[in-house]
1. Take the conditions within 14 Å of chain B (Cβ to nearest Cβ), in a loop (DSSP other than H, G, I, E, B) and free of Cβ contacts under 8 Å to residues at least 40 places away in the same chain and apply them to residue A:192. Does it pass?
2. If residue B:120 passes every condition in (1) touching a helix residue (DSSP H, G or I) at 6+ places or on another chain (Cβ under 7 Å); (2) within 14 Å of another protein chain (Cβ to nearest Cβ); (3) within 20 Å of residue B:17 (Cβ to Cβ); (4) assigned to a helix (DSSP H, G or I) but one, which one does it miss?
3. So which of B:69, B:21 is in contact with a strand residue (DSSP E or B) (Cβ under 8 Å, 6 or more places away or on another chain) and in contact (Cβ under 8 Å) with a residue 40 or more places away in the chain?
4. How many residues are more than 7 Å from chain A (Cβ to nearest Cβ), part of a helix (DSSP H, G or I) and surrounded by fewer than 20 Cβ atoms within 10 Å (Cβ to Cβ) when one looks only at segment B:13-28?
5. Would a scan of segment A:2-25 turn up a residue that is in contact (Cβ under 8 Å) with a residue 40 or more places away in the chain and outside the structural domain of residue A:131 (by TED's automatic domain parsing)?
6. Assess whether residue A:77 counts as being under 26 Å from the mean Cα position of the chain (by Cα) and either within 14 Å of chain B (Cβ to nearest Cβ) or at negative phi (or both).
7. If residue A:98 passes every condition in (1) over 30 Å from residue A:227 (Cα atoms); (2) surrounded by 12 or more Cβ atoms within 10 Å (Cβ to Cβ); (3) away from chain B (no Cβ under 14 Å) but one, which one does it miss?
């Protein structure tokens, strides 16, 4: 039953697997990115195929519709321009007040749009791959968000793409603040494997007065996520360890199950 | 076993990993993604030689882990164990029967994730586990069981369509030809 050839194959593969396991994390990370870059042509192909129907639809859209859309966008642009002027004035005033109080100046957010090109094929992780990499200035631990709220953080960076760990994955924890009078603070951590729209808010104080619907935002602690990014809303709360502390389920603002484009936030 | 079959197995494994990462329809509908690598490994273990089984475990595992948050190489050993065990007993398996293919696909799809998670936990990693994981395992097992006979049929079809078909020998023998008329 067992021939020498079988032993050789079994031994060689086991040795190869052990060798890869024992590589230093940096080397493993590079090897991983190198291997996954084999899929890049296919990612490009899928992106082009997905764009094709949209391009076709654009080409047959009547001129009247396009003109109407341009008119609406111009109006929206003007409104946003006015709002931006107002925001700049408010920011300037904020900076002056901060300098009077000798507080550190707030830096504006710099955002870069990225396309989601792949999801984790394993069911026990929540990660995605985006089409921005070190050539676009990405670094590890940069926050990733959508217009709805926080999505996660960049975990590893390749030349042309990066891996993002999503909220709800055991490796993505974020310090969070509940927008209630007591400003209760906790840590957003992993939830169940099935529902991507929920995350667990743990290490809240035992006396926390949590109500369903209260907003949860990033607290700014931890040095990765800036303060004030919306995370979600409290669904329910329960005392843990005989009321020593509380835990709450949070309905995430961003729809992590249907991400197509995300923003990477640069410091 | 020929070169075309080997190429088909590796192309299928590559496309399977790519498809699992790119098309999230099953994940949206059922909450879990089906892994096709165990089903392909079943086919390889029953039809290819031991080096193809070993190489499929290495490359399939590396491709899968490279797109996942798994530590690189963690899927190699589970795939190899499943492939190797089937390979050792393949003379006793009625590989042509869809029932046998379904059972093997289901068992392989159950064993590979369990072994992977065990290795992850042994290595101190914290994968996302809970009661929902039971449902995910069920989806993976059923998905793998359904996919295996389909993959077998697909491989056979591809081989038939792309491979060299040896010409069947005719029963004609010139020395036994009945000659009519005068010599």
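1. Considered against the rule, which asks whether it is within 14 Å of chain B (Cβ to nearest Cβ), in a loop (DSSP other than H, G, I, E, B) and free of Cβ contacts under 8 Å to residues at least 40 places away in the same chain, residue A:192 comes out as yes.
2. (1)
3. B:21
4. Of the residues in segment B:13-28, 5 are more than 7 Å from chain A (Cβ to nearest Cβ), part of a helix (DSSP H, G or I) and surrounded by fewer than 20 Cβ atoms within 10 Å (Cβ to Cβ).
5. No, segment A:2-25 contains no residue that is in contact (Cβ under 8 Å) with a residue 40 or more places away in the chain and outside the structural domain of residue A:131 (by TED's automatic domain parsing).
6. It is false that residue A:77 is under 26 Å from the mean Cα position of the chain (by Cα) and either within 14 Å of chain B (Cβ to nearest Cβ) or at negative phi (or both).
7. Single failed check for residue A:98: (1).
Residue-wise test of (1) modelled with pLDDT of 90 or more; (2) more than 29 Å from residue A:133 (Cβ to Cβ).
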site: A:193; (1), (2): no, no
site: A:209; (1), (2): no, yes
site: A:227; (1), (2): no, no
site: A:243; (1), (2): no, yes
site: A:246; (1), (2): no, yes
site: A:252; (1), (2): yes, no
site: A:258; (1), (2): no, no
site: A:266; (1), (2): no, no
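The values are calculated or read from the model by the stated rules, or taken from the named source; none is laboratory data. All values derive from a computational prediction rather than experimental measurement. So basically every Cβ, Gly included, is an ideal-geometry build from the backbone, and we count neighbours across all protein chains shown.
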